[in-house]
Amino acid sequence: MSTQEIDPSGDAIITLRSSKAPFAVWEPRPAIKDLSADDPCGGSIEKTENKKMHEKELLLTTPEVDPDAGTVRFLVSSRHLTLASPMIKAMLSNSSGWSEAQKDGAGLYQIEAEGWDETAFTIVLDVLHCRYRKVPQTVELEMLAKIAVVVDYYQVHEAMVLASRTWLGSLKAAELQPTNLNRELCLWLTVASVFTEAEMFKSLTRVAMMQSWAGMKFPADLPIPSGVSSRIQTLRLYCVKLISRVLRGLSEDYVEGRRGCTFECTAMHLGVLTLKMGQLKIGNSIFMGLATLEELTNGLKEMKSPDWYDWRGNSHSCRAKTGSTASVANKVLDDLGYPVDGTLDTLATQLARSVTDMTGLELSDFVKARPGKETLLERLSRFDISGRPRMATMYDR
Ligand SMILES: [Zn+2]
């Protein structure tokens, strides 16, 4: 077993068993089999296709596992570590009850670590021991996310501030932030969460909100505040229900005579609405579970009011009747602050805009505990017995 001398006169040995598991495995959205209009069940998820796509995605998006990745030891200074990391300070204190708190016969602390990427772990140790010549000036996104995982676990945010700012600065200049919800976005979101990039966090969570589906999960090994995922799901569901409710409400308005001026007008408007609701699969629980807000709002923006001419040759531009308190659609649009008397296409556009105008999430809503304030007991509750992080993180409380 090799030993890296981070501090040649160190008084602690960290034994790292590197992770053999793939890092940040992303599960893409399940594929939907083409939903035909005459399918009484409204279609189904194509499992085989989905599996193939998933496997392909895994191959494309997860690095190869090195079967020879073994155990490596680091000779380090407990003084540097305890100064930078409240986690290690608590671990090595006599009252912790951990075996790590007692020096061995050779007068060394023995600290076990498991699951971290060896390079990322080494970079963090180099920064903590002020070995800046060893620290790379730039790192790829993948590596920065791996570093962020280590930083989050050992709570060494402050000691890593300068290095992380340098890396992030270069990375932001070199790479555009993702505009699609995928594994890359999850890595950026990890970096934004751990290194407190509030604006980046906001724009990334907005993309995630617009493109997520029911059951979307961030990779469990990334320290993205888990409250983020549930907040995104809640907002998504709210917006899906909102769209469904307004479209159904508009249909009812035409059927029950609250909108439409003549038989022809009502029939044509109702036809357009029925067509659009069919295209958006409103009411199909499978499809609605997988539909993204981006798809739904794009569909709404494409809605057209029927265009026809009356017997005098005048173009018929029908604005809906107003003032009906019984109309669900009126009430919802009114609550959102939109006029309720527009043409069908303007109502649809307003409804879409009420969703697309949403901003992303505020990082400050999730980062409640500052690094260093957590007690060891609280800390331990976040990790399982082998030291692997549980899904929840410190941001949840
Ligand atoms: Zn009309």
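The values are calculated or read from the model by the stated rules, or taken from the named source; none is laboratory data. Model, not experiment: these values are computed from the prediction. Note: ideal-geometry Cβ built from the backbone for every residue, glycine included; neighbour counts use all protein chains shown.
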Inter-residue pairs, beta-carbon under 7 Å, first among the β-branched types (Val, Ile, Thr) and in the range 160-177, second not in a helix (DSSP H, G or I), 6+ apart: 166/137
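Only one of 369, 320, 326 is closer than 30 Å to residue 192 by Cβ, part of a loop (DSSP other than H, G, I, E, B) and at pLDDT below 80; which?
Values: 320 fails: closer than 30 Å to residue 192 by Cβ; 326 fails: closer than 30 Å to residue 192 by Cβ.
After applying the criteria, what remains is 369.
Quick check on my filter: what residues within the range 111-135 are within 28 Å of the chain's Cα centre (by Cα) and free of Cβ contacts under 8 Å to residues at least 60 places away in the same chain?
If we filter the range 111-135 for residues that are within 28 Å of the chain's Cα centre (by Cα), which is where we start, we get 113-124.
Passing the criteria: 119, 120, 123, 124.
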Residue check for residue 159: in contact with a Pro (Cβ under 8 Å, 6 or more places away or on another chain) and under 24 Å from residue 87 (Cα atoms): no
Hits in the range 330-348 - residues which are at pLDDT below 85, more than 16 Å from the ligand (Cβ to nearest atom) and either outside any loop (DSSP other than H, G, I, E, B) or under 19 Å from residue 253 (Cα atoms) (or both): 330, 331, 332, 333, 334, 335, 336, 338, 339
Single match in 231, 236 (criterion: under 24 Å from residue 298 (Cα atoms), surrounded by fewer than 20 Cβ atoms within 10 Å (Cβ to Cβ) and away from the ligand (no atom under 16 Å from the Cβ)): 231
Positions within the range 257-283 being more than 16 Å from the ligand (Cβ to nearest atom) and at pLDDT below 90, in sequence order: 283
The range 197-228 - residue that is of a type in the set (Ser, Thr, Tyr) and within 26 Å of residue 335 (Cβ to Cβ) and, of those, surrounded by the fewest Cβ atoms within 10 Å (Cβ to Cβ): 212
Subset of the range 184-200 (residues that are of a type outside the set (Val, Ile, Thr) and assigned to a loop (DSSP other than H, G, I, E, B)): 195, 197
Any hit, the range 102-110, residues being on the phi < 0 side of the Ramachandran plot, surrounded by 15 or more Cβ atoms within 10 Å (Cβ to Cβ), among the small types (Gly, Ala, Ser) and over 36 Å from the mean Cα position of the chain (by Cα): no
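Right, residue 226: at pLDDT 95 or above and away from the ligand (no atom under 16 Å from the Cβ) or not?
Numbers: at pLDDT 95 or above: no; away from the ligand (no atom under 16 Å from the Cβ): yes.
Criteria not met by residue 226.
Residue check: is residue 294 among the charged types (D, E, K, R) and at pLDDT 90 or above? Spell out how you get there, then give the answer.
Values: among the charged types (D, E, K, R): yes; at pLDDT 90 or above: yes.
Considered against the rule, which asks whether it is among the charged types (D, E, K, R) and at pLDDT 90 or above, residue 294 comes out as yes.
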Residues located in the range 297-315, provided they are farther than 21 Å from residue 334 by Cβ and crowded, with 16+ Cβ neighbours inside 10 Å: 299, 306
Every residue from the range 164-183 that is outside any loop (DSSP other than H, G, I, E, B), surrounded by 22 or more Cβ atoms within 10 Å (Cβ to Cβ) and among the hydrophobic types (A, V, I, L, M, F, W, C): 167
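Tell me yes or no: at least one residue of the range 293-304 is β-branched (Val, Ile, Thr), in a helix (DSSP H, G or I) and within 16 Å of the ligand (Cβ to nearest atom).
Start the filter on the range 293-304 by keeping residues that are β-branched (Val, Ile, Thr), which leaves 297.
With in a helix (DSSP H, G or I) added as a condition, the list becomes 297.
In the following step, the residues that additionally are within 16 Å of the ligand (Cβ to nearest atom) were identified as none.
Checked the range 293-304: no residue is β-branched (Val, Ile, Thr), in a helix (DSSP H, G or I) and within 16 Å of the ligand (Cβ to nearest atom).
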Condition met for residue 247 (of a type outside the set (D, E, K, R), farther than 26 Å from residue 364 by Cβ and within 16 Å of the ligand (Cβ to nearest atom)): no
Exclusive hit being more than 18 Å from the chain's Cα centre (by Cα) and touching a residue at least 40 places away in the same chain (Cβ under 8 Å), set 271, 227, 260: 260
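I'd like to verify a number: residues in the range 81-131 that are part of a loop (DSSP other than H, G, I, E, B) and either over 14 Å from residue 16 (Cα atoms) or among the β-branched types (Val, Ile, Thr) (or both), how many? Walk me through how you get there before you give the answer.
Step one: list which residues in the range 81-131 are part of a loop (DSSP other than H, G, I, E, B), which gives 85, 93, 97-98, 102-108, 115-117, 129-131.
Then drop every residue that is not either over 14 Å from residue 16 (Cα atoms) or among the β-branched types (Val, Ile, Thr) (or both), which leaves 85, 93, 97-98, 102-108, 129-131.
Final tally of qualifying residues: 14.
Answer yes or no as to whether residue 310 is more than 30 Å from residue 180 (Cβ to Cβ) and either away from the ligand (no atom under 16 Å from the Cβ) or at pLDDT below 85 (or both). I'd like the intermediate steps shown before the answer.
Numbers: more than 30 Å from residue 180 (Cβ to Cβ): yes; either away from the ligand (no atom under 16 Å from the Cβ) or at pLDDT below 85 (or both): yes.
Answer is yes for this residue.
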